[in-house]
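The next block holds one structure in the form of structure tokens; read it before the comments.
The values are calculated or read from the model by the stated rules, or taken from the named source; none is laboratory data. Since this is a predicted model, take the numbers as computed values, not measurements. Neighbour counts run over all protein chains shown; Cβ positions are idealised from the backbone, glycine included. Ligands, DNA and RNA are excluded from the accessible area calculation, which covers all protein heavy atoms including side chains. Shrake-Rupley method; radii C 1.70, N 1.55, O 1.52, S 1.80 Å.
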Amino acid sequence: MKPFYKTVGVVGTGAMGRGIAQIAAQAGSLVKLFDLQPQAGEKAKAALSEQWDKLVAKNRLDPALAADHKARVLTLDALAGLADCDLVIEAVVERLDVKQSLFAELEALVSPQAVLATNTSSLSVTAIAAKLKHPERFAGYHFFNPVPLMKVVEVIAGLKTSPTVCNNLMDYARQMGHTPVLAQDTPGFIVNHAGRGYGTEALRIVSEGIADFATIDRILRDQVGFKLGPFELMDLTALDVSHPVMESVYRQYYDEARYRPSVITAQRLAGGMLGRKTGEGFYRYTDGVMQTTAEAPVPEVAEMPPVWVSPRASRRSELLQLLKDLGAKIETGQSASPQALMLVAPLGFDITTVAVVERLDPARTVGIDMLIDDAATKRRVLATNPATRTDMRNAAHALFARDGKAVSVIRDSGGFVTQRVVATIVNIASDICQQGICSPKDLETAVTLGLGYPMGPLAMGDRYGPTNILEVLFNMQTVYGDQRYRPSPWLRRRGAIGLSLMHEEE
């Protein structure tokens with residue numbers, strides 16, 4: 001198959017530029033590399049050759065094909081060498097003035113039919129193209145690092161971009177072995193926009209003193225199935241990358257509460273605690289290995305109190321069966337005896353609010369997160385309130401650990417950990433659809449491939465129940481009085497009438 005673009009120029013030879021050059025050459029295009037830094041192009045070509053040689057050594061690439069790939073990569077000493085390119089992709093520093101100046105030069109060099117594309121991750125495609133004479137041939141082409149492994153690319157239409165240009169770029173992405181998703185020109189596009197909920201909500205949980213970094217990471221890995229907890233992920237990407245993106249999306253949306261950054265990351269960025277690459281972030285790293293503290297041991301309880309479950313507990317019948325399986329002595333009266341451990345399982349509310357509303361003794365009241373079916377999780381999460389007695393806390397911990405499943409006990413929180421993080425992710429994704437930034441299908445594809453979530457955010461909302469997610473958000477907004485938790489109309493309407501969050505209006 002002939003490549004959609006015969007000759008492709010790549011400006012910028014950092015990791016992103018090299019990755020784009022690699023997959024373009026593998027797709028059969030002649031690739032021309034240019035960088036302002038002397039010898040940078042030659043170094044990039046050498047790095048690509050080394051990469052292909054390693055694949056040959058591992059019997060993952062035919063030697064003749066590797067030689068063909070190498071022959072397709074040329075380096076340039078001057079920008080003028082890109083004049084005959086069908087497509088030029090820019091992967092330089094994230095500065096609007098630099099990109100605008102570069103594309104003004106490129107527009108004067110290339111043919112009228114050539115397509116110009118930016119790999120920007122945070123700047124407006126429309127703004128970059130604003131000074132071009134022909135912005136209709138300009139688009140965003142956002143790959144993710146490392147490009148050969150991250151198989152999604154966002155194709156972004158500026159206000160004046162021709163639909164044909166986007167369609168052609170999508171076809172070329174498929175030739176390169178990638179999955180394209182079409183996005184409108186909005187802050188963060190799809191992936192960086194959809195990813196705002198995971199880290200920022202986890203940071204809010206820490207800032208409230210509810211749990212430490214490691215506990216939050218464990219909960220979200222074990223209950224939801226994320227490959228990395230939010231703090232592990234931020235250590236991997238590094239705060240000098242992730243915090244500016246948080247601020248950029250927040251500011252570009254005129255301080256929208258859903259995307260509010262945290263002073264925690266701002267402070268750590270200022271202090272140079274960036275993550276793995278500096279040896280210290282939310283965790284310390286010794287020889288590249290993350291150091292973490294052991295979990296608290298299960299308390300020893302000599303005599304277990306009887307257990308009473310609130311009539312308003314979510315998944316109450318499942319919770320009662322779980323207690324029976326764990327060998328608990330269950331009280332079934334309308335109210336608890338003076339000795340009983342009182343269990344509540346709210347959605348979105350904190351344990352304090354439930355104890356007050358239901359007129360329970362807060363000293364004996366403990367909450368359990370039942371948003372997700374217990375059989376589908378590797379960890380149970382309990383929450384105390386400020387008045388919970390130590391003996392009741394220990395009894396609940398010991399009881400729910402009887403079958404060997406991990407248990408985390410956190411301080412009082414509207415929505416525990418999983419509920420509030422999942423609800424925030426689903427809500428932001430729903431609003432991306434509400435704004436028409438992309439289709440629900442492209443959103444799911446972009447997030448699963450670009451962020452590595454265990455499922456797309458809309459599928460996550462459908463799995464745990466749109467009405468449950470709505471209840472979590474409404475109740476969290478009551479607890480915190482924060483517009484951050486107001487439900488998107490997309491979620492509110494579909495949740496109210498029992499539709500899938502993937503459902504598009506006719």
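Give the carbon-plus-sulfur fraction of the accessible surface of the range 459-506 in %, rounded to a whole number; probe 1.4 Å, heavy atoms of protein chains only. It would help to have the intermediate numbers written out before the result.
Numbers: 1180 of 2460 Å².
C and S fraction of accessible area: 48 percent.
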From the protein chains alone at 1.4 Å, what is the descending order of accessible area for THR353, THR13, THR278, largest first?
THR278, THR353, THR13
Can you tell me the order of 235-246, 261-272, 426-437 when each peptide is scored by its average per-residue count of other Cβ atoms within 10 angstrom, highest first?
426-437, 235-246, 261-272
Can you give me the angle between helix 316-325 and the longest principal axis of the chain, using Cα atoms only, in degrees from 0 to 90, rounded to the nearest 10?
70 degrees
Please report the spacing between the Cα centers of the range 2-21 and the range 94-173 in Å, no decimals.
13 Å
The ³J(HN,Hα) series, computed from each phi in the range 201-216 with the Karplus coefficients 6.51, -1.76 and 1.60 at θ = phi - 60°, rounded to the nearest Hz and given as x for glycine or proline, is 6, 4, 5, 5, 4, 4, 5, 8, x, 6, 7, 8, 4, 5, 5, 5
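Just need the relative contact order of the range 95-253 here, percent rounded to a whole number, with Cα pairs under 8 Å and 6+ apart. Don't jump to the answer; show the numbers that get you there.
Details: 190 pairs, mean separation 26.6, N = 159.
Here the relative contact order equals 17 percent.
Counting only protein chains, not ligands or nucleic acids, how are GLU318, GLU232 ordered by accessible area (probe 1.4 Å), most first?
Details: GLU318 75, GLU232 25 Å².
Descending order: GLU318, GLU232.
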Per-residue HN-Hα couplings for the range 225-238, Karplus 6.51 cos²θ - 1.76 cosθ + 1.60 at θ = phi - 60°, whole Hz, x for Gly and Pro?
x, 5, 5, 10, x, x, 7, 4, 5, 5, 5, 6, 6, 6
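For the range 347-500, what is the Kirkwood estimate of the hydrodynamic radius, computed as the reciprocal of the mean inverse distance between distinct Cα atoms, to one decimal in Å?
Numbers: mean 1/r = 0.0603 Å⁻¹.
Evaluated over the range 347-500, this radius sits at 16.6 Å.
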For the range 295-421, what is the charge dipole size about the Cα centre, in debye to the nearest 20, if Lys and Arg each add +1 at the Cβ and Asp and Glu each add -1 at the Cβ?
140 debye
Estimated Rh, the range 392-439: Kirkwood, alpha-carbon pairs, angstrom
13.5 Å
Rounded to whole Hz, the Karplus (6.51, -1.76, 1.60) HN-Hα couplings of the range 61-78, x for glycine and proline:
8, 5, x, 5, 5, 4, 4, 5, 4, 4, 5, 8, 10, 10, 10, 10, 9, 9
Show the residues, 5+ positions off or on another chain, whose built amide H is closer than 5 Å to the amide H of THR179.
VAL152, VAL153
By average Cβ neighbour count within 10 Å, what is the ranking of 119-129, 174-184 from highest down?
119-129, 174-184
Computed from every Cα-Cα pair in the range 200-296, P(r) in 10 Å bins starting at 0 and rounded to whole percents is 16, 46, 32, 5, 0
With only alpha-carbon pairs counted, each pair once and no self-pairs, how large is the Kirkwood hydrodynamic radius of the range 181-236 in angstroms?
12.3 Å
Relative packing of 398-404, 196-202, 356-362, which averages over residues the other C-beta atoms within 10 Å, highest first
196-202, 398-404, 356-362
Hey, can you find the accessible area per residue of the chain for me, probe 1.4 Å, expressed in square angstrom?
43 Å²
Protein chains only, probe 1.4 Å: how do LYS2, LYS277, LYS54 rank by accessible area, largest first?
LYS2, LYS277, LYS54
Could you list which residues have their amide H under 5 Å from that of ILE410, counting only those 5 or more apart in sequence or on another chain, with H placed in the peptide plane?
LEU382, ALA383, THR384
Please state the relative contact order of the chain as a whole percent: Cα pairs under 8 Å, 6+ residues apart?
12 percent
Nothing charged except the Cβ atoms of Lys and Arg (+1) and of Asp and Glu (-1): what's the magnitude of the dipole of the range 362-424 about its Cα centre? Round to the nearest 20 debye.
160 debye
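Can you tell me, using C-alpha contacts under 8 Å and at least 6 residues apart, the relative contact order of the range 366-477 as a whole percent? Show your work: numbers first, answer last.
Working: 114 pairs, mean separation 27.3, N = 112.
Relative contact order here is 24 percent.
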Taking the Cα centre as origin and putting +1 on Lys and Arg beta-carbons and -1 on Asp and Glu beta-carbons, what dipole magnitude results for the chain, to the nearest 20 debye?
280 debye
